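Shown next, in structure tokens, is the structure this report addresses.
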Amino acid sequence: MKPYIIILLFLSGLMFAACEEEDKAVIGDEVIPPQMTSPSDGASIVVSETNMADELIITWEEADYGVDLAVTYTVEMDIKDNVFYAPAIVASTQENTATVTIEAINTMIISDLHQQANERSDVEFRVVATTEGLDDLTSPVVAGTVTTFQSAGDPAVVTTPAVGAESTITVANLMDKFSVEWSPADLGTSDVVYTVELVVGDASVVLGKTGETKLAVNNESLNYYLVGNLEQAGGAAVTASLQVTASSSTTDLKSELSSVVVNTLDATVPGRLYVPGGYQNWVPDVAPTLNQSGDIFDGFVYMNIETGFKFTSAPDWDHTNFGFDSEGVLTKDGDAAGLTYGPGFFRYQVDTVNLTYVASLVESFGLIGTATPGAWDSSTPMTYDEATDTWRATADLVVGALKFRANDAWDINYGVADITSLRGQLYFDGGSYDVKEDGNYTVILSFDTQKTPYQFNYEIIKN
């Protein structure tokens with residue numbers, strides 16, 4: 001190649017490089033990020049129904065790149081200490097000011113940042129400056145608080161039973177349904193769960209939870225709730241109230257109380273055998289009891305120590321008392337020694353005609369069935385609560401069958417009469433309860449027969 005051609009190519013390259021340099025922005029030695037001027041650090045906003053349309057004016061000093069550039073400013077908001085991982089975008093503009101309504105800020109905090117309505121939230125604001133080809137510049141954070149607001153909406157209204165309606169529970173109608181219905185609540189969302197409570201005075205018990213606008217329990221359950229949970233008299237006219245709480249992800253709204261009168265069942269006190277002993281200071285009238293079924297008395301007693309005890313036919317020492325003759329055999333000789341068992345939770349089956357007994361140590365009760373983690377293969381253990389004389393378990397259950405058994409075996413097992421009833425009597429070797437919905441449940445078994453309703457009973461609570 002000739003020398004003059006090489007020189008021309010070299011000169012052309014120099015001219016091209018010079019043009020490139022002319023097109024690039026010259027950035028100053030020190031760039032300054034934007035600085036928020038309003039709101040000030042520590043500002044507080046309390047949102048109410050009356051100031052939703054008010055405006056929040058956000059201002060800042062522009063970023064300084066040392067040269068004029070086209071800059072876009074984005075105003076971000078996040079919860080304190082969330083490091084703007086997923087902030088709400090308040091505004092985007094090329095100006096140094098943005099105006100947003102209080103309602104918009106309120107909505108962003110509840111919906112975008114997932115905070116509870118009608119509560120104070122600690123929030124942070126910042127401004128991010130963006131220009132093509134350069135790194136973003138971010139302002140220092142400005143912190144403040146916003147107390148959000150959400151209208152309570154319209155509560156549910158109980159429509160059935162009518163206010164003041166009266167119902168009577170009898171042995172013949174124990175499986176009949178007691179139905180509660182209500183108008184839907186307006187919480188601004190279709191995702192609403194209703195909790196139905198039975199209220200007497202300051203005490204209440206949950207009858208159930210549902211996404212529908214109706215709920216039914218059978219009369220046996222209703223009676224157990226009133227006389228067992230709420231400690232009302234059997235065979236009495238009990239004035240109670242129904243209340244429905246509508247719940248969304250952000251709001252709980254209670255209905256007005258709707259009063260009803262329920263004539264409870266006068267539970268027949270079964271034949272009893274009392275179990276006084278050293279574990280309870282040998283006092284028959286407050287001793288645990290066994291219930292009569294034919295010639296057999298059957299029941300469960302917790303003895304916290306190894307102890308002597310007897311069985312008595314009355315809550316005193318003036319009637320027949322049964323002592324120890326030999327293993328499995330009783331005597332009516334009042335001077336005979338007592339039996340000795342414990343400590344532990346025992347099932348006693350006593351035949352007062354043939355003077356025999358069976359004592360079975362219950363080391364555990366458990367949940368069993370396709371609704372439980374162990375299906376029909378292994379029990380989900382329950383825990384004995386000495387203070388309430390109940391066995392309890394809180395567990396995740398799935399749609400399926402649920403029964404209760406002792407010692408991870410089938411010698412002592414119980415089921416239910418109504419497969420859909422959350423509350424009722426336990427029946428030896430009875431049918432399975434039908435869990436209709438996956439979820440977390442608390443299950444309670446009571447073998448206390450000293451007070452109404454005088455039967456082994458269960459309660460299933462969806463948490």
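See the values below:
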| quantity | calculated |
| --- | --- |
| Where segment 241-359 is the region considered: accessible area per residue in Å², 1.4 Å probe | 44 Å² |
| Segment 115-170, accessible area per residue, ligands and nucleic acids excluded (1.4 Å, Å²) | 51 Å² |
| Share of carbon and sulfur in the accessible heavy-atom surface of the chain [1.4 Å probe, %] | 50 percent |
| Rounded to the nearest 10 Å², the accessible area of F345 at probe 1.4 Å | 10 Å² |
| Residue-normalised accessible area of segment 23-93, given per residue in Å² at a 1.4 Å probe | 61 Å² |
| Whole-Å semi-axes of segment 395-463's equivalent ellipsoid (Cα gyration tensor) | 20, 14, 11 |
| Per-selection Rg to Rh, the chain - Cα, Kirkwood hydrodynamic radius | 1.28 |
| Antiparallel bridges, percent of DSSP beta bridges restricted to segment 156-297 (to nearest 5) | 90 percent |
| Angle between the chain longest axis and helix 3-23 axis [Cα atoms, degrees, rounded to 10] | 60 degrees |
| Total lysine pairs whose alpha carbons fall under 21 Å of each other in the chain (8 or more apart, or interchain) | 16 |
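The values are calculated or read from the model by the stated rules, or taken from the named source; none is laboratory data. In this text, all values refer to a predicted model and were calculated from it rather than measured experimentally. These area figures cover heavy atoms from the full protein model, side chains too; ligands, DNA and RNA do not enter into them. Shrake-Rupley method; radii C 1.70, N 1.55, O 1.52, S 1.80 Å.
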